[in-house]
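First up is the structure itself, then whatever we jot down about it.
The values are calculated or read from the model by the stated rules, or taken from the named source; none is laboratory data. Computed from a predicted structure; not experimentally measured. Virtual Cβ from ideal backbone geometry, glycine too; neighbours counted across all protein chains shown.
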Amino acid sequence: MSVIRAVSPSKLNACAPLKITPMRLCFIADPRSIHTARWIRFFAERGHSVALISHCTPEPGLGIDRHYAISEESIRGTRLIKNALEVRKAVRDFRAQILHAHYINESGWLAALSGVRPFVLTAWGSDVYLAPTQSRLARVLTPWTVRRAGYVTADSMDQVARLCAMGRSTDTTEMVTWGVDLDRFTGRDGMIWRTKNSIEPDQIVILSPRQWIDNSNIEVILEAFSLARATQPRALLVLKRMTDTGSAIREQLEARIQALGIADSTLIVGEMPEHELADMYAGADVTVSVCASDGTPVSVLEAMAGESALVVSNLPSLAEWIEPDVSGLLVQPGDVQQLCQSLLRLSEDVALRSLVGKNARRVVEERADRRVNLQKVEAIYHELVSAA
């Protein structure tokens, strides 16, 4: 009987093709996502011809050969079918050998409805954990799409198991992480970032890098930090805010910061280039991510690569990466007191911070090298093209 497979570094290296054979690859994805951009650039830089199908226009520098825009408006109830036909036309026009959909809904639905074969499907987390429980359309189309793909990847073994429970074959379902650029995210020096943001050497930086959305439990982090700060007055909370953060939640969280009396110990930073991200994680003593639902977020992997001590939600996908007190701390997502105690432990215990940070770095080096993981995907593409 087949078993669900984790992808080890040795397997990835063994599967990666020794010689790159250029292919014509077509992606359905949101070019505004940094994950999409990194994925597409990798394959473009490897010498493959790359096309992108999306609702929005990509920024310059993505490395694509062709962009195909699909409609956002149509007669009520017909948009999915219209978009699926547009996808089919684009794939034929580009003469793509592989169609790869990022995020099951709606990109994956369109790939399946288009009738194009072979197509690869990559789950991102909430499309597995949340969408099928929140939408009747997703409850029907997601399992159907998962079963029709030529190959499916996900960033945790728990997601792989859930995909297989939808009827996916275990033989063509793999755990492949988004990965980290380990040459950039070295964890060696965060002083440049700290100096740029006027952070004193003795301040304990607690970083929250997640989006300001309900699932991220930012208010829980604010509450826990306000309690921890009473004991650790040199603690500084750094919140990373995305440019597309809605005004309502922004105003709500900023008001909460004022009400808790932590405005003088809270720093809000915006979007930044990747080299500054690496400095940010290296400069953070502690990184906290306590989402209610989560896969394996790149932000967590980047924090691990930066040797920042982690406090994350005790969820199945994250527990695959974090061994308590060895490579990080696990807490219940909504537990303010438990999070406060964990923040205090890491703030006060320099040896523990160093231990879990260095161990986390080793885990990432072994399992989450972006280049190695994407070479595995490249091997999957070659396998599907050869079998077509």
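Residues that are modelled with pLDDT of 95 or more, under 27 Å from residue 321 (Cα atoms), out of contact with any Pro (no Cβ under 8 Å at 6 or more places or on another chain) and among the β-branched types (Val, Ile, Thr) within region 130-170 comprise 146, 152, 153, 160, listed in sequence order.
Yes/no per residue for (1) among the hydrophobic types (A, V, I, L, M, F, W, C); (2) in contact with a Ser or Thr (Cβ under 7 Å, 6 or more places away or on another chain):
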position	(1), (2)
73	no, no
83	no, yes
88	no, yes
113	yes, no
130	yes, yes
146	yes, no
153	no, yes
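Here residue 117 fulfils each of the conditions (1) out of contact with any helix residue (DSSP H, G or I) (no Cβ under 8 Å at 6 or more places or on another chain); (2) of a type outside the set (S, T, N, Q); (3) assigned to a helix (DSSP H, G or I) apart from (3). Within region 107-118, can one find any residue that is surrounded by fewer than 22 Cβ atoms within 10 Å (Cβ to Cβ), closer than 21 Å to residue 295 by Cβ, touching a residue at least 40 places away in the same chain (Cβ under 8 Å) and within 21 Å of the chain's Cα centre (by Cα)? Checked against the condition, which is being surrounded by fewer than 22 Cβ atoms within 10 Å (Cβ to Cβ), closer than 21 Å to residue 295 by Cβ, touching a residue at least 40 places away in the same chain (Cβ under 8 Å) and within 21 Å of the chain's Cα centre (by Cα), region 107-118 yields no hits at all. Quick one: is residue 345 touching a residue at least 12 places away in the same chain (Cβ under 8 Å), closer than 16 Å to residue 282 by Cα and not assigned by TED's automatic domain parsing to the domain that holds residue 120? No; evaluated as a whole, the condition is false for this residue. May I ask you to list the residues in region 77-96 that are surrounded by fewer than 20 Cβ atoms within 10 Å (Cβ to Cβ) and assigned to a loop (DSSP other than H, G, I, E, B)? Across region 77-96, the qualifying residues are 77, 78, 95.
When region 209-247 is filtered for residues that are among the basic types (Lys, Arg) and assigned to a loop (DSSP other than H, G, I, E, B), the ones remaining, listed by number, are 210, 234, 241.
Just a yes or no: is a residue in region 34-47 exposed (fewer than 15 other Cβ atoms within 10 Å of the Cβ) and under 18 Å from the mean Cα position of the chain (by Cα)? Looking for residues that are exposed (fewer than 15 other Cβ atoms within 10 Å of the Cβ) and under 18 Å from the mean Cα position of the chain (by Cα), one finds at least one in region 34-47, hence yes. For region 43-65, the set of residues classified as polar (S, T, N, Q) and in a loop (DSSP other than H, G, I, E, B) consists of 57 only. Selection of region 282-321 for residues being part of a helix (DSSP H, G or I), over 13 Å from the mean Cα position of the chain (by Cα) and under 16 Å from residue 189 (Cα atoms) yields 282, 283, 304, 305. Is there a residue being closer than 26 Å to residue 176 by Cα and charged (D, E, K, R) anywhere in region 341-358? The answer is yes, given that some residue of region 341-358 is closer than 26 Å to residue 176 by Cα and charged (D, E, K, R).
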